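The values are calculated or read from the model by the stated rules, or taken from the named source; none is laboratory data. Remember, predicted model here, so these are calculated numbers, not experimental data. Quick reminder, even Gly has a Cβ in these numbers, built from the backbone with ideal geometry, and neighbours come from all protein chains shown. Ligands, DNA and RNA are excluded from the accessible area calculation, which covers all protein heavy atoms including side chains. Shrake-Rupley method; radii C 1.70, N 1.55, O 1.52, S 1.80 Å.
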Amino acid sequence: MNAPLLNVEHLQIQFVKKNHDAITAVHDISFTVAPQQIIALVGESGSGKSVTATSILRLLPRTARLSANSKIEFDGKNLLALEAEQLRAIRGKEISMVFQDPMSSLNPVFTIGQQLNESLRLHLKLSKRQASVRAIELLNEVGITNPTARVHSYAHQLSGGQQQRVMIAMAIACKPRLLIADEPTTALDVTVQKQILDLLMQLRAQHNMAIMFITHDLGLVHDIADRVVVMQQGEIREQNSKAALFAHPVHAYTRALMACRPQLDSRPMRLPVVSDFIDGQQQVNVSEVQRQRGSAPTDNIVLEAHGLQKYFTLKTGWFEQEKLTAVEDVSFRLFRGKTLGIVGESGSGKSTTALLLMRLLPASGGKVLFGSRDLLQLNDAELLSMRRRIQIVFQNPYASLNARFTIGQLLLEPLRIHHIGATTQERLQMAAAMLERVGLPKEAMQRYPHEFSGGQRQRIAIARCLMLQPEVLILDEAVSALDVSVQAQVLNLLQDLQNEFGLSYIFISHDLSVVKYISDVVLVMQQGRVVEMADSDQLYASPQTEYTRKLLNAIPGR
Amino acid sequence: MNNTNTLTTDLVRHDSAGLWRLAWRRLRQDKVAIASLCVVTIFAVMMIASYMGLIASHWNAEVAPSYAPPSLHAVTNVANTKVVGIANPQAGPPVDISDIDPLAPRYQEWKERTANIAHEQTQHATSLILGADKWGHDILSKTIKGSEVSISVGILAAFLAVVVGTLLGAVGGYFGGVLDDTLEWFYNIFTSIPYILLILAVAAVFSRGFVTIVLILGLTSWTSVYRLVRAEYMKHSERAYVRAAEALGASHTSRMFKHILPNISHVMLVQYSRYVVDAIKAEVILSFLGLGIPVDMVSWGSILAETQEEVVIGKWSQIIAAGGSMAILVTAISMLTDALRDALDPKLNE
């Protein structure tokens, strides 16, 4: 093996805060990157993978402290000892970086051409004319159609995938030898993600560059990486070549990460979680019993949507209006005690559908039959009593819990609104029982949401909905913001609750493996319309439409 | 569930660190903020003591010669004599010596009248830290007494402005639509009238007095808090936690004031302390224009109004006393406001 391009040794990063103990984000890690290698840094949130990546370009915040024996060498040069001037020559030219959210990484007031020109002229000392020509070449290279016109576009005029392509164009503008990509596809749809990954692979071959790929998704790693570094809590748990790591994962955490993600080809009764592997070490009882999912003609219908429609009218001028279709003619049946999964890419109208069902948005047309009543025709008083029976859990548990309420106040509120329970004492007991049911201690009631982790908060959000003992629970991307290991725990909890209370779920997600795992019936949406609806096993085994096939093919790691 | 029987209502008590407590913790670490808080507290204590008559109750007494310079010792030993009335109105019968001296009848009368004049000897103050004004009033006492009106006008007018602004902003931002449009029109018309003109118009209608000043300042300065609160409500009413509350069946009032209001209270608090500063300054302007408090009261504004002729003849004490205390208080409140914003801004949380 030739000399490594990047050599990181004993890297230790601490964050110091006034009047606080220093927090060690990265704990004595070492790894190397060979030229043209794709190395993947994998880990859940808080594993220190992004901090490691930003430390290479010395972009860490001022509160960060590196230990004295930390060493980062790039091509034989010690990056940590470089003067600011020398460092600037490396940043963007030798090593460049692509960030997660392309929208916030692009400057909204400059055209993409201007932004590309800037780095070209700065690093390559090109003339204005040369830079403009090169910018168009670059856009062409990253697969932007009609680059001569697109060069004059602003960031908001491009789609998310196109924005990320522009970011990549900027990153490869100076032909760097190392590209650091920090979760570059996490904010993108699954089909777009596949295109971006293909692009990265192709560019690596063209430019002979190494790529450091930071991600939480082992499936992605399987598709692209040469070498994998698994991180947890600031430490490297395991590093190996991709083939070896996937064939023989040594560390329990690696094995846990692989197992917690729902697989397309099996549906265990419950998903294994990290603690199974860490505590139990080897003997993991991944139950062989498979959970049966699917609908039967004898199932009772609990909720039925007919021709649901939603238009938004946009004011385009003084008198002109434009009609924007969000949901067009959506019909489905939800069976009692079963799960209806709704999948689709962003903008497909799946979340809008959820808001329409909850009457959080007024529908433009259609019917939602709940029992014998049409939900969309209820007056305010009838709606209030109906709210007891249908509830919703939102995607982001950080945003959906009021930060100024204690957990106790959060859980008691629905009871107060609906006059359930005679005394506060009685309500408190109900809340405590529910907290224990979702796996939190009853002492949690005195605490505020910010004291809990993402997974715990989502449990609280679920508990709050269940306080009303609803029949239908809509889960709008309810596990999407969670780490895979936490996601497995919440999915297990949801299945247990479904068995216990006979809940019917509408499970909305962009993650096709998760939907496959938890759903009986799956509905595929595209641009506000239902593309396909079938029992989940059937749909994944033999998709009937081109769009579904495209979606399924884009699932990473299959 | 046997163990839940031991639960009591205190499970929902705010026992653990809420956001307010966290904000207070952050504020406590900020030395500038604590210094400012101390200054503000000192002024507040001073004002309350003055209101209760513990200090500066004789601000109106003449305790020194006109424009006495500042000193820590008695200016002079000469007592100041002041005629307060006739001491002994029942005098004896006059003796007639009018044949000798035509003016004789008058002598007796004059003598008696002179004797009957009662004197009250007011002692000069032993120390005048800030000197005396034109009428020999102690400027220190006057400034302390003046703080009463100035600070309470600041606090009350700012409170009124924030309440009015928040109510209108909450309604407009939360409901949107026609209601919001109407409020925006009203706001635009209101702000198109020059501020001073508005104040003059309101002052012309009401009689001069403390309450009038509070009303004038409160009802003319709600506009910026209205805009801010409206924007916050527009933002927050789309947030997931408000959606979740709606899904649970919470009413509009509950969502507006129970859910959203605590989450934007930092905006109101910061605006409030800004308004206190503005109102203190505006009271000065009003008094300076002669629209402020009645003549038998004193405020920093009225003191500053007096100083306009004094500065020309080289008497600096009053302007330094009133202007200085105002500057110190206003600066302290401003710095406290800055620190409060930093401590309360949820985005800066760790």
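Using a Förster distance of 25 Å, how high is the FRET efficiency between residue A:201 and residue A:77, based on the Cβ-Cβ distance and rounded to 0.05? List each step's numbers first, then the result.
On the way: r = 28 Å, r/R0 = 1.11.
Computed FRET efficiency for residue A:201 and residue A:77: 0.35.
Give me the base-10 log of I(q)/I(0) for the stretch A:434-558 at each q in 0.17 Å⁻¹, Debye formula, one uniform scatterer per Cα, rounded to two decimals.
-0.92
Provide Rg over Rh for the stretch A:106-224; use the alpha carbon set for both Rg and the Kirkwood Rh (inverse mean inverse pair distance).
Values: Rg = 14.1 Å, Rh = 14.7 Å.
Checking Rg against Rh, the ratio lands at 0.96.
Please list log₁₀ I(q)/I(0) at q = 0.11 Å⁻¹ for the stretch A:1-101, using the Debye equation with identical point scatterers on the alpha-carbon positions.
-0.34
Can you bin the stretch A:169-214 into rounded, prolate or oblate? Criterion: square roots of the alpha carbon gyration tensor eigenvalues sorted a ≥ b ≥ c, rounded for a/c under 1.5, prolate for a/b above b/c, oblate for the rest.
On the way: a/c = 2.12, a/b = 1.67, b/c = 1.27.
It comes out prolate by the Cα gyration axes.
Let me see the pair-distance distribution of the stretch A:131-179: every alpha carbon pair, 10 Å bin width, integer percents in order.
Reading the bins upward from 0: 27, 59, 13, 0.
Under a 1.4 Å probe, what is the accessible area of the stretch A:299-438 per residue, stated in Å²?
Details: 6080 Å² over 140 residues.
For the stretch A:299-438, the solvent-accessible area averages 43 Å² per residue.
Given Cα pairs under 8 Å that are at least 6 residues apart, what percent is the relative contact order of chain A? List each step's numbers first, then the result.
Details: 1042 pairs, mean separation 81.4, N = 558.
RCO, chain A: 15 percent.
Between residue B:184 and residue A:175, what's the calculated FRET efficiency when r is the beta-carbon distance and R0 is 41 Å? Round to 0.05. Can you show the working numbers first?
Numbers: r = 53 Å, r/R0 = 1.30.
The calculated FRET efficiency here is 0.15.
Compare the peptides A:10-16, A:226-232, B:197-203 by average per-residue count of other Cβ atoms within 10 angstrom and give them in order, highest first.
Values: A:10-16: 17.7, A:226-232: 23.3, B:197-203: 15.4.
In descending order of packing, they fall as A:226-232, A:10-16, B:197-203.
Considering only DSSP beta bridges whose two residues both sit in the protein assembly as shown, what percent are antiparallel, to the nearest 5? Kindly include the intermediate steps, with their values, before the conclusion.
Working: 57 of 94 bridges.
The antiparallel fraction comes to roughly 60 percent.
Mind checking the angle between helix A:190-207 and chain A's longest principal axis? C-alpha axes, 0 to 90 degrees, to the nearest 10.
10 degrees
Please work out the ratio of the alpha-carbon Rg of the stretch A:236-376 to 2.2 N^0.38 Å and round it to two decimals. Spell out each step's value before the answer.
On the way: Rg = 22.9 Å, N = 141, 2.2 N^0.38 = 14.4 Å.
Relative to the 2.2 N^0.38 Å estimate, the stretch A:236-376 comes out at 1.59.
Report, as a whole number in µm² per second, the diffusion coefficient that Stokes-Einstein gives for the stretch B:106-211 at 4 °C and 1.567 mPa s using the Kirkwood radius over alpha carbon pairs. Display every interim value, and only then the final one.
Details: Rh = 19.9 Å.
D, rounded to a whole number, is 65 µm²/s.
What is the stretch A:361-444's relative contact order, in percent, from Cα pairs under 8 angstrom and six or more apart in sequence? Walk me through the numbers on the way to the answer.
Details: 33 pairs, mean separation 13.2, N = 84.
Relative contact order comes out at 16 percent.
Report, by chain and number, residues whose modeled amide H sits under 5 Å from the one on residue A:303, excluding near sequence neighbours (fewer than 5 apart, same chain).
For residue A:303, the qualifying residues are A:334.
Per-residue counts of other Cβ atoms within 10 Å, averaged by peptide: what ranking do you get for A:318-327, A:341-350, highest first? Show your work: numbers first, answer last.
Numbers: A:318-327: 12.2, A:341-350: 22.9.
Going by the mean number of other Cβ atoms within 10 Å, highest first, we get A:341-350, A:318-327.
Given the convex hull over the Cα atoms of chain A, what projected area results after averaging over all orientations, in nm²? Present the calculation step by step, with values, prior to reporting the outcome.
On the way: hull surface 120.6 nm².
Mean projected area of the Cα convex hull: 30.2 nm².
Could you work out how much longer the chain between residue A:537 and residue A:377 gets when fully extended? Use 0.36 nm per residue separation minus the Cα distance between them, nm to one decimal. All intermediate terms of the calculation are to be shown ahead of the outcome.
Values: separation 160, 0.36 × 160 = 57.60 nm, distance 3.53 nm.
Between residue A:537 and residue A:377, full extension yields 54.1 nm more.
Counting only the backbone N, which residues of the stretch A:36-64 are under 12 Å from the spot 7 Å out from the Cα of residue A:85 toward its beta-carbon?
none
Across the Cα atoms of the stretch B:196-334, what radius of gyration and what greatest pairwise Cα-Cα distance (Dmax) are found, in Å?
When restricted to the Cα atoms of the stretch B:196-334, Rg and Dmax are 20.7, 72 Å.
Take peptides A:445-457, A:393-405, B:100-112 and line them up by average Cβ neighbours within 10 Å, highest first, as a rough protection proxy. Provide the component values of the computation, followed by the final result.
Values: A:445-457: 19.5, A:393-405: 21.5, B:100-112: 12.2.
By packing density, highest mean first, the sequence is A:393-405, A:445-457, B:100-112.
From the cross-link list A:516/A:550; A:194/A:550; A:17/B:31; A:49/A:71; A:310/A:338, which pairs have alpha carbons spaced over 19 Å apart? Kindly include the intermediate steps, with their values, before the conclusion.
On the way: A:516/A:550 16 Å; A:194/A:550 10 Å; A:17/B:31 16 Å; A:49/A:71 17 Å; A:310/A:338 26 Å.
Violating the 19 Å Cα-Cα cut-off are A:310/A:338.
What percentage of the solvent-accessible surface of the protein assembly as shown, computed with a 1.4 Å probe over protein heavy atoms, is contributed by carbon and sulfur atoms?
56 percent
Calculate, for residue B:208 and residue B:231, the FRET efficiency according to 1/(1 + (r/R0)^6) with r their C-beta to C-beta distance and R0 35 Å; round to the nearest 0.05. Provide the component values of the computation, followed by the final result.
Numbers: r = 37 Å, r/R0 = 1.05.
E(calc), rounded to 0.05, equals 0.40.
Tell me, Kirkwood radius of the stretch A:291-356 from alpha-carbon pair distances, in Å? Each step should come with its number before you reach the end.
On the way: mean 1/r = 0.0702 Å⁻¹.
Value: 14.3 Å, from the Cα pair sum.
In Å² (nearest 100), what accessible area is buried between B and A, both sides summed, heavy protein atoms only, 1.4 Å probe?
Working: alone 20540 and 25680 Å², together 42720 Å².
Between B and A, the summed buried area is about 3500 Å².
Residue A:17: accessible area at probe 1.4 Å, nearest 10 Å²?
My reading of the accessible area for residue A:17 is about 80 Å².
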